[in-house]
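Down below is the structure, laid out as structure tokens.
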Amino acid sequence: MDPELRASDAEREQAVVALREHLLDGRLNLEEFTERVEQAYRARVHGELAAIQSDLPVPTAPAALPRRRPTRATVALFAHVVRRGRLRLKGSTVAAAAFSDLDLDLREAQIDAPTTRVNVLALFGNVDVYVPEGVDVAVGGLAIFGHRREWGSDRARQGAPAIRIRTLGVFATVDVWRVPADARGGYGELIRLVRGDDVALGTG
């Protein structure tokens, strides 16, 4: 196919579907997926669409990467715990903090299903969950003498995986941060970038 020919909307959507398959196969993490989806929707010609997948096999090829053990739970007790990297989420995971601070960074996570559930339990502590902007994130649950807040652009791309975050906080704060793909730095810097001068999307 001529790389200089204009790409159609249908061809862009096909590229996004292929990227999602690579995400579910473990070849792309959430952040890589959202970056490439943005590039796919901006592509003007076939050559640009091909470049997005140039380092990936055809979608029907078997998964080449070894599968990590699923991350079933992350627990912080009288401590500050940071969980990040290529975590494997198989359907659901639990994040619990008691008298502690917990940073759960899902930007590089590998997921096995179109919908992933994250159950957050917080008691006299703080839990911060970081997700890449563009993923379909829904947050709900209960906060007793505390806060449940969402920050950043609530903008999900068609075909993006879904993360369902359910919280139970008692004398605690749970914040969900939607981080732009090009954002870099420590968590304090990311929070200042996402927060800016805006108020939270939702509070509870």
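The values are calculated or read from the model by the stated rules, or taken from the named source; none is laboratory data. No experiment lies behind these values; they were computed from the predicted model shown. A quick note on method: Cβ atoms are made from the backbone with ideal geometry, for glycine too, and the neighbour counts reach across all protein chains shown. Quick note on the areas: whole protein, heavy atoms, side chains included, nothing else; ligands and nucleic acids left out. Shrake-Rupley method; radii C 1.70, N 1.55, O 1.52, S 1.80 Å.
Things worth noting here:
- Percent antiparallel among DSSP beta bridges (both partners in the chain, rounded to 5): 5
- Other residues with beta-carbon under 10 Å from the beta-carbon of residue 47 carry, at +1 per Lys or Arg and -1 per Asp or Glu, a net charge of -2.
- Cα point-scatterer Debye curve for the stretch 67-157, base-10 log of I(q)/I(0) at q = 0.11, 0.18, 0.19, 0.23 Å⁻¹: -0.31, -0.84, -0.93, -1.31
- Accessible area (Å², 1.4 Å probe, nearest 10) - residue 78: 150
- Rg and Dmax of the stretch 101-141, based on Cα coordinates, read 11.3, 32 Å.
- Value at 222 nm in deg cm²/dmol, rounded to 500, when DSSP H runs of n ≥ 4 in the chain each add -39,500 (n - 2.57): -7000 deg cm²/dmol
- In the list (i) 18.0, 61; (ii) 19.0, 64; (iii) 15.4, 48, the label attached to Rg and Dmax of the Cα atoms in Å as derived from the coordinates here is (i).
- Across the alpha-carbon atoms of the stretch 15-106, the computed radius of gyration and Dmax are 16.9, 54 angstrom.
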